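Colleague: First, the structure itself, so that you have it in front of you.
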Amino acid sequence: MAPETIILLSTAVLFIPLLSFVVLIFFGNRMPKQGDWFGTAMVFGGLVLAGLILSAKLSRYHDDVLQTLFTWVDFGTVAGIGPLKIELGIMVDNLSAIMMVAVMIVSSFVHLFSIGYMHGDVRYGRYFAYLGLFTFSMLGIVLTNNFWMMYVFWELVGLSSYLLIGHWFEKKSASDAAKKAFIVNRIGDIGMFTGIMILFATFHSFNFDVIFSSMQSGTIPLGSEAWLTAAGILIFAGAVGKSAQFPLHVWLPDAMEGPTPVSALIHAATMVAAGVYLVARTFAMMTADALAVIATIGAITSFIAATIAIAQNDIKKVLAYSTVSQLGYMVMALGVGAYTAGFFHLITHAMFKAGLFLGSGSVIHAMHHALHAKHDHETDPQDIRNMGGLGKKMPVTFWTFIVYTLAISGVPLTSGFLSKDEILAGTLVFGELTGNVLIPIVGFFVAGLTALYMFRLVILVFLGEHKDPARLADIHESPATMTVPLVVFAVLSFFAFYSLNPFGAADGWFYDAIVRPVSVVPASMAAAGSAEFEATLHHVHSNAMILSLTVAGLGILLAFMTYKWRKISADAVAGALRPIHSFLLNKWYFDEAYDATVVKGTLLLTRAFRWVDTIIIDGLVNGTASWTRAVTLGTKRNWEEGNLAAVFYLMVSGAVSVYAAWLTGTAIWPEQATALQAVWYGILSLGVGGLTFFLFYVGVGGFDNRIVDGVVNLVAYLAGFFGLLTRRIQTGKVQTYLAFVLLGVMVFFLWFT
Amino acid sequence: MEFIGIGILTWITFLPIIGMVAVLTVPKGKEGPLKWVPAGVTFLQVVLAIVIYFSFNQGMAGINSLEGMQFVEKATWIDVPATSWFGRIQIEYFLGVDGLSVSMVLLTALISFIAVFASWNIEKSLKGYMAMLLLLDTGMMGVFVALDFFLFYVFWELMLLPMYFLIGIWGGPRREYAAIKFFLYTLLGSVLILLAMIALYFSVTVMDPLTGEKIHTFNMLAMMNPANYEPGSLLAGIGTYWRSLAYIALFIGFAIKVPIFPFHTWLPDAHVEAPTAISVILAGVLLKMGTYGLLRISYPMFPDIAQAYAVPLAVVAFINIVYGALCAMAQQDFKKLIAYSSISHMGVVLLGMAALNTQGMVGAVFQMFNHGTITAMLFLIVGVIYDRAHTRDLDAFGGLAITMPKYTGIMMVAFFAALGLPGLSGFVSEAFSFLGAFQTHRIITIASTLGIVLTAAYMLWTIQRVFLGKPNERWAGLPDINGREMFTLVPLGVIVLALGVYPSLLLDLLTTSLNHLVNVVATGASMAMVP
């Protein structure tokens, strides 16, 4: 395959799901089976292409970056910059090729699974269309070579997530969750956008290559190191939103209102991994400080979410918090410098977490049908306290679920063991290099918690006795469209796909293909380089492996002791630690806190502003009108009409104008006034004062009637009076008139000479 | 370019007047021609706009150079011979377009055409309505093609009159209050513009090529040349007190139209009372006249002051963006919410303008166009539901996505375009405005990004309240959007999508001129003028 072919095929992979969306949204309802086969066939086709691209890329262009550019907007010759263009394009390197395949695998099998799971849904065709839109957006993030498209597809992913979470929008909780997801993501996005603005202000380009290479040659954003770190952290803010990191993690658990396959695709495997992908993409420009922030946020997130997961009773909520926790793990891995491990965990986690969600979907599907058969609409089909003993009735779901759980707990021979072990080793290296012990401690502690809550889930759902034995008879294994994807993801959770050595991820093709990029920030600000990192890794690795196996084993043991053998009573523990338990059950009260501050605060502010707008600003406008009217009418009329406010305003205005006149008068009053001046001044003051009083008493209208018109009438009267006098002159004789004209001319003549 | 010896710009400006005369001669009781004549006339206008789009030369800059103007028409209109104390008065019929105005010409033609179809259901004295609508059309188009200040002012005032009647007669319950408020407020602005215009007139002289005598002129291009300012005249010099004062007078005049906080309160009232089509025109075209005036007149004529006041302008832009968004969120009335969202979105235009660089200016002018199309869609959408339900209370609905699926589909395009979703045109212009503004005003721009979140919040909340949830029993029988309504919305939707995916379709027309404008502002301010 020539490089051009690879680019062309990647573009095809990108647009195939979009085609699926367009066809299904406009014609889905007219197609047989609402077009589910069409959408599914399209993405499977895309998957095949993506697989071909990956194998060609790895075999023939292993270390090359293939990309293409086209001019999207041309600003022409810009003052101070010169020619300015926005060039967009797609890029195929190992990172994007692997990610593309992962996205297509999950998307394809989620499509397949949905055919069974969503059967008979009200908006079945629409659902498949949205899946296509999502896949397109996600591939856009993966294949882009610039920040602009990254942001564009980033938001489009947000849109498709909004549409899919809100698929059952008749439910208030679903539409609330969709809205919340979009808005919380947007908060992260404006951070990311600000980061992009910082970069663009200096580099006048959005391309990763251009930005990174000029950074490498010493240009830093806005000429300051602080802005460089800020840019890194702000771009990471986008990842905080999308990858549900603390403090913006609150949307992801609510997003479980969407159909379960959607949770598998978007809220476990792909979209939420986009944040991790973004950090991996921009890793080279992260300063040591920025990376420390990233590692800390990741650690906090993984810890908070893992503690919450233990206390949840909704099967999807447990998995949701588990996802948040694992995403925190990946982010932490990137932050500590374990670049390859972080991205590796993204891929392995995508497979087993997609499996876990689809497995939970299979369980919910079975529970739903069993409850339906009993006409039971009260019992929650997602509450694990209503389950138990499902393993025997749903063997495929059960055994695949076991595989995923082993993988996420980090048990050897699974993919999860490989990636998790590398991350934990990375945190140890970080601890050793920077002296930060908290991060490795959190890392190992969370590994133990993960094993604990996952086995709690498995035991409560699949083992033991069913809550209502009569219901168990109606529980059936799901159809093949649903079990086949489960098996595929279970198979992909084994080590062999990533490295032939079950205890050494670094020996596999994956580690070969994904190499930590060289930092482009000034050396003084960069984190420890790869060489130093590898050297330290070498001597902590065996410790890390032993430790990670120990904590995972302890977690599993604790789970069996508590929930299977009942040596420890979970209720008693919860009772003894009631405040902590309710704190965890209520998810650390994040939602309540945000609601009380941000949401309530904003609503309060909107009300305050509405008040300001209508009462103050518009009040001034209307006030001008009323004042004008009041002035025209005067106090007398206003008083008669009972318009007391106007009278009051007028009196105030009158007082103000008298005071102003007083000030003016004292200012122009000569130091040594003569008596005559004093008389004139007194007359003038009385006149002005009287006029003002009169003006405000009768109003401008009255003033016009009485004074202005009065003067006119006076003039008319005087004219009449003088007319009477001058009538005498009008003798009717031409001679008399001529005499007067002559007199006039003489007067003018004398005047001008 | 001429047809039957008359220039294309004259055609596109005065076609509606011909239509108006035709409408007025339609005998009583004939409904058909009253609708089809305006439709035909505005359709011809759209055709002419398309001709302009395709024959527009993208390499010509315009702004302050006559050679760079396209489709120029120039003739003496009023010529009063010199009197000893006043000088010769020469007012020209001077039309032309450049990259700054061409997008507005296209927008005006498009919105007027759509407004005619949005007026299909008007029952009260249709003849008068259509005549007024067409007169308004001429006024708007004239503002965007006039290059003589006096002519510009005539068109500016011309559009005030029909607007007053269209709101005052065909509006909602409080129409008279809204119409008078609109009229007086705009008139106040006009007076200030008039004062500045007269001051400019007496300060600028050009040589008459025929007689060699110095004459005062209303020619805008002449007013942009610092060399034409008569030494010692009121507005000569750089950064003087009187120049600031004239700039502020112009600014307030245009600010009322935009509208810029705190001169905005006429807008929600006018929108709520105006019939749908008039809201569409008001938001789609009229608001742009304010920002267009700033770019066409204030910036190139007062580059020194424009630079000095760039920061205050950016602050005002920030207030518009955030204040408008917060006020929008507090509204109960669907139409009022959209009206306040306009204030917020026009703030983005101001922010891009305040950047004083190409990215920002391109963003601003592009945002003017996009806001025109997107907000027109939003008002049409409100109109659709108001026609059926006779209420605009946001909480009275719910679940319309089920009762009216097609309507919901087109609504989603408009709403997401308004909240700046990438792939739709609003995003591109917003992003460019912010990118440009960040270069000049970092902190203000970062603060303004808050508007991006707030807009998403109120837009999605509105979608949720009106369209999602269980269908409200009360609106069970509501018919979905009909063919005519689709016809008004779909073209706008297609443009929004096309420009979102490939904005160069329009931007290529703008960039040369706007680059030039940026240079004019930058060099004009630093150039020493004869005192």
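Colleague: Kindly indicate whether B:Ile446 is at the interface with chain A (Cβ under 8 Å from one of its Cβ atoms) and over 26 Å from the mean Cα position of the chain (by Cα).
Modeller: Details: at the interface with chain A (Cβ under 8 Å from one of its Cβ atoms): yes; over 26 Å from the mean Cα position of the chain (by Cα): yes.
Judged against the criteria, B:Ile446 is a match.
Colleague: So, in the range B:402-420, exactly how many residues are in contact (Cβ under 8 Å) with a residue 60 or more places away in the chain and surrounded by fewer than 24 Cβ atoms within 10 Å (Cβ to Cβ)? Working first, answer last.
Modeller: At the first step, the residues of the range B:402-420 found to be in contact (Cβ under 8 Å) with a residue 60 or more places away in the chain are B:402-407, B:410, B:413-414, B:417-418.
Keeping just the survivors that are surrounded by fewer than 24 Cβ atoms within 10 Å (Cβ to Cβ) gives B:402-406, B:410, B:413.
Count: 7.
Colleague: Next up: Checking A:Met149 against (1) within 30 Å of A:Lys33 (Cβ to Cβ); (2) surrounded by fewer than 24 Cβ atoms within 10 Å (Cβ to Cβ); (3) under 23 Å from the mean Cα position of the chain (by Cα), only one condition comes out false. Which one?
Modeller: Going through the list (1) within 30 Å of A:Lys33 (Cβ to Cβ); (2) surrounded by fewer than 24 Cβ atoms within 10 Å (Cβ to Cβ); (3) under 23 Å from the mean Cα position of the chain (by Cα), A:Met149 breaks only (1).
Colleague: Just give me the residues in the range B:211-237 being more than 30 Å from the chain's Cα centre (by Cα), closer than 17 Å to B:Asp304 by Cβ and polar (S, T, N, Q), in sequence order.
Modeller: Within the range B:211-237, just B:Ser233 meets the criteria.
Colleague: Return yes or no: is A:Ser55 in contact (Cβ under 8 Å) with a residue 12 or more places away in the chain and out of contact with any Asp or Glu (no Cβ under 8 Å at 6 or more places or on another chain)? Can you show your working first?
Modeller: Values: in contact (Cβ under 8 Å) with a residue 12 or more places away in the chain: no; out of contact with any Asp or Glu (no Cβ under 8 Å at 6 or more places or on another chain): yes.
The answer is no for A:Ser55.
Colleague: Enumerate the helices (runs of 4 or more DSSP H) found wholly within the range A:547-657, keeping only those where 2 or more residues are within 14 Å of another protein chain (Cβ to nearest Cβ) and surrounded by 15 or more Cβ atoms within 10 Å (Cβ to Cβ).
Modeller: Details: elements: A:570-576, A:578-585, A:590-594, A:600-611, A:618-640.
Answer list for the range A:547-657: A:600-611, A:618-640.
Colleague: Of (1) touching a strand residue (DSSP E or B) at 6+ places or on another chain (Cβ under 7 Å); (2) of a type outside the set (S, T, N, Q); (3) facing chain B (nearest Cβ under 9 Å), A:Met150 satisfies all except one. Which?
Modeller: Tallying (1) touching a strand residue (DSSP E or B) at 6+ places or on another chain (Cβ under 7 Å); (2) of a type outside the set (S, T, N, Q); (3) facing chain B (nearest Cβ under 9 Å), A:Met150 fails exactly one: (3).
Colleague: Of all residues being among the β-branched types (Val, Ile, Thr) and surrounded by 15 or more Cβ atoms within 10 Å (Cβ to Cβ) in the range B:491-500, which is farthest from B:Leu110 (Cα to Cα)? Just the residue, please.
Modeller: Checking each candidate, the answer is B:Val496.
Colleague: I would also like to ask the following. Does B:Arg442 satisfy the condition of being free of Cβ contacts under 8 Å to residues at least 40 places away in the same chain and not aromatic (Phe, Trp, Tyr)?
Modeller: For B:Arg442, the condition - free of Cβ contacts under 8 Å to residues at least 40 places away in the same chain and not aromatic (Phe, Trp, Tyr) - is met.
Colleague: If you check A:Ser114 against the conditions, is it more than 11 Å from chain B (Cβ to nearest Cβ), of a type outside the set (D, E, K, R) and either outside any helix (DSSP H, G or I) or surrounded by 24 or more Cβ atoms within 10 Å (Cβ to Cβ) (or both)?
Modeller: Values: more than 11 Å from chain B (Cβ to nearest Cβ): yes; of a type outside the set (D, E, K, R): yes; either outside any helix (DSSP H, G or I) or surrounded by 24 or more Cβ atoms within 10 Å (Cβ to Cβ) (or both): yes.
It is true that A:Ser114 is more than 11 Å from chain B (Cβ to nearest Cβ), of a type outside the set (D, E, K, R) and either outside any helix (DSSP H, G or I) or surrounded by 24 or more Cβ atoms within 10 Å (Cβ to Cβ) (or both).
Colleague: Step by step: first the residues of the range B:217-242, then only those that are touching an Asp or Glu at 6+ places or on another chain (Cβ under 7 Å) and not in a loop (DSSP other than H, G, I, E, B), then the one that is nearest to the other protein chains (Cβ to nearest Cβ). Which residue is that? Explain how you work it out, then say what you get.
Modeller: Initial filter on the range B:217-242 (touching an Asp or Glu at 6+ places or on another chain (Cβ under 7 Å)): B:218-220, B:236, B:238-239.
In the following step, the residues that additionally are not in a loop (DSSP other than H, G, I, E, B) were identified as B:219-220.
Working: B:Asn219: 26, B:Met220: 22 Å.
So, considering only residues that are touching an Asp or Glu at 6+ places or on another chain (Cβ under 7 Å) and not in a loop (DSSP other than H, G, I, E, B), the one nearest to the other protein chains (Cβ to nearest Cβ) is B:Met220.
Colleague: Tell me the residue from B:Ala249, B:Ala277, B:Ala270 that is buried (at least 23 other Cβ atoms within 10 Å of the Cβ) and either away from chain A (no Cβ under 14 Å) or at pLDDT 95 or above (or both), please. Reasoning before the result, please.
Modeller: Working: B:Ala249 fails: buried (at least 23 other Cβ atoms within 10 Å of the Cβ); B:Ala270 fails: either away from chain A (no Cβ under 14 Å) or at pLDDT 95 or above (or both).
Within the list B:Ala249, B:Ala277, B:Ala270, the selection yields B:Ala277.
Colleague: Can you tell me which residues in the range B:507-529 are within 21 Å of B:Gly423 (Cβ to Cβ) and either crowded, with 23+ Cβ neighbours inside 10 Å or of a type in the set (Lys, Arg) (or both)? Please lay out each step first, then the result.
Modeller: Of the residues in the range B:507-529, the ones within 21 Å of B:Gly423 (Cβ to Cβ) are B:507-508, B:510.
Residues satisfying the conditions are B:Leu507, B:Leu510.
Colleague: Can you report the number of residues in the range A:452-483 which are surrounded by fewer than 16 Cβ atoms within 10 Å (Cβ to Cβ) and outside any loop (DSSP other than H, G, I, E, B)?
Modeller: 3
Colleague: Taking only pairs six or more apart or across chains, which ones have beta-carbon atoms under 6 Å, a first residue in the range A:171-187 that is closer than 16 Å to A:Asp595 by Cβ and more than 8 Å from chain B (Cβ to nearest Cβ), and a second residue that is part of a helix (DSSP H, G or I) and not charged (D, E, K, R)?
Modeller: A:Ala177/A:Ile165; A:Ala177/A:Ala255; A:Lys180/A:Trp251; A:Ala181/A:Ser161; A:Ala181/A:Ile165; A:Ala181/A:Trp251; A:Ala181/A:Ala255; A:Val184/A:Trp251
Colleague: Would you mind stating whether B:Met459 is closer than 14 Å to B:Ile338 by Cβ, more than 8 Å from chain A (Cβ to nearest Cβ), assigned to a helix (DSSP H, G or I) and at pLDDT 90 or above? Steps first, answer last, please.
Modeller: Details: closer than 14 Å to B:Ile338 by Cβ: yes; more than 8 Å from chain A (Cβ to nearest Cβ): yes; assigned to a helix (DSSP H, G or I): yes; at pLDDT 90 or above: yes.
Against the criterion (closer than 14 Å to B:Ile338 by Cβ, more than 8 Å from chain A (Cβ to nearest Cβ), assigned to a helix (DSSP H, G or I) and at pLDDT 90 or above), B:Met459 qualifies.
Colleague: Looking at the range B:43-57, can you tell me whether even one residue there is surrounded by 15 or more Cβ atoms within 10 Å (Cβ to Cβ), part of a helix (DSSP H, G or I) and at pLDDT below 90?
Modeller: no
Colleague: Specify the residue that is farthest from B:Leu161 (Cα to Cα); the eligible residues are those in the range B:252-263 that are within 14 Å of chain A (Cβ to nearest Cβ) and touching a Ser or Thr at 6+ places or on another chain (Cβ under 9 Å).
Modeller: Out of the qualifying residues, it is B:Pro259.
Colleague: So, in the range B:417-439, exactly how many residues are at the interface with chain A (Cβ under 7 Å from one of its Cβ atoms) and either on the phi > 0 side of the Ramachandran plot or polar (S, T, N, Q) (or both)?
Modeller: We begin by selecting, within the range B:417-439, every residue at the interface with chain A (Cβ under 7 Å from one of its Cβ atoms); these are B:421-423, B:434-435, B:438-439.
From what's left, either on the phi > 0 side of the Ramachandran plot or polar (S, T, N, Q) (or both): B:423, B:439.
Residues flagged as at the interface with chain A (Cβ under 7 Å from one of its Cβ atoms) and either on the phi > 0 side of the Ramachandran plot or polar (S, T, N, Q) (or both) within the range B:417-439 amount to 2.
Colleague: Checking the structure you have, find out if any residue of the range B:371-393 is surrounded by fewer than 24 Cβ atoms within 10 Å (Cβ to Cβ), touching a helix residue (DSSP H, G or I) at 6+ places or on another chain (Cβ under 8 Å) and outside any helix (DSSP H, G or I).
Modeller: Yes.
Colleague: Here is a follow-up. Counting only residues that are aliphatic (A, V, I, L, M) and part of a helix (DSSP H, G or I), which one in the range B:355-364 is nearest to the other protein chains (Cβ to nearest Cβ)?
Modeller: Pass one, the range B:355-364, residues aliphatic (A, V, I, L, M): B:355-356, B:361-362, B:364.
Narrowing further to those that are part of a helix (DSSP H, G or I): B:361-362, B:364.
Details: B:Met361: 10, B:Val362: 6, B:Ala364: 13 Å.
The extreme case among them is B:Val362.
Colleague: Hey, any hits in the range B:444-460 for a residue that's over 23 Å from B:Gly398 (Cβ atoms), in contact with a strand residue (DSSP E or B) (Cβ under 8 Å, 6 or more places away or on another chain) and surrounded by fewer than 20 Cβ atoms within 10 Å (Cβ to Cβ)?
Modeller: Looking for residues that are over 23 Å from B:Gly398 (Cβ atoms), in contact with a strand residue (DSSP E or B) (Cβ under 8 Å, 6 or more places away or on another chain) and surrounded by fewer than 20 Cβ atoms within 10 Å (Cβ to Cβ), one finds none in the range B:444-460, hence no.
Colleague: Determine whether the range B:90-102 contains at least one residue that is at pLDDT 85 or above, part of a strand (DSSP E or B) and β-branched (Val, Ile, Thr).
Modeller: First, the residues of the range B:90-102 that are at pLDDT 85 or above: B:91-102.
With part of a strand (DSSP E or B) added as a condition, the list becomes B:91-97.
Filter again for β-branched (Val, Ile, Thr), leaving B:91, B:97.
Taking every residue of the range B:90-102 in turn, at least one turns out to be at pLDDT 85 or above, part of a strand (DSSP E or B) and β-branched (Val, Ile, Thr).
Colleague: Among the listed residues B:Leu184, B:Leu166, B:Leu210, identify the single one that is without any contact (Cβ under 8 Å) to a residue 12 or more places away in the chain, among the aliphatic types (A, V, I, L, M), in the same structural domain as B:Ala109 (by TED's automatic domain parsing) and more than 30 Å from B:Met69 (Cα to Cα).
Modeller: Working: B:Leu166 fails: without any contact (Cβ under 8 Å) to a residue 12 or more places away in the chain; B:Leu210 fails: more than 30 Å from B:Met69 (Cα to Cα).
Unique residue meeting the criteria: B:Leu184.
Colleague: Out of (1) more than 14 Å from chain A (Cβ to nearest Cβ); (2) more than 20 Å from B:Asn320 (Cβ to Cβ), what's the single condition that is false for B:Ala376?
Modeller: (2)
Colleague: Looking at the range B:340-354, is at least one residue outside any loop (DSSP other than H, G, I, E, B), in contact with a strand residue (DSSP E or B) (Cβ under 8 Å, 6 or more places away or on another chain) and within 9 Å of chain A (Cβ to nearest Cβ)? Please lay out each step first, then the result.
Modeller: Here is the first cut: in the range B:340-354, the ones outside any loop (DSSP other than H, G, I, E, B) are B:340-354.
With the extra rule that they be in contact with a strand residue (DSSP E or B) (Cβ under 8 Å, 6 or more places away or on another chain), the set shrinks to none.
Scanning the range B:340-354, I find no residue that is outside any loop (DSSP other than H, G, I, E, B), in contact with a strand residue (DSSP E or B) (Cβ under 8 Å, 6 or more places away or on another chain) and within 9 Å of chain A (Cβ to nearest Cβ), so the answer is no.
Colleague: Being more than 14 Å from every other protein chain (Cβ to nearest Cβ) and either part of a loop (DSSP other than H, G, I, E, B) or in contact (Cβ under 8 Å) with a residue 24 or more places away in the chain (or both) is the filter here, so list the residues in the range A:188-210 that pass it.
Modeller: First pass over the range A:188-210, keeping only residues more than 14 Å from every other protein chain (Cβ to nearest Cβ): A:207-210.
Matches in the range A:188-210: A:Asn207, A:Phe208, A:Asp209.
The values are calculated or read from the model by the stated rules, or taken from the named source; none is laboratory data. As the structure is a prediction and not an experimental result, all values here were calculated from the model. Quick reminder, even Gly has a Cβ in these numbers, built from the backbone with ideal geometry, and neighbours come from all protein chains shown.
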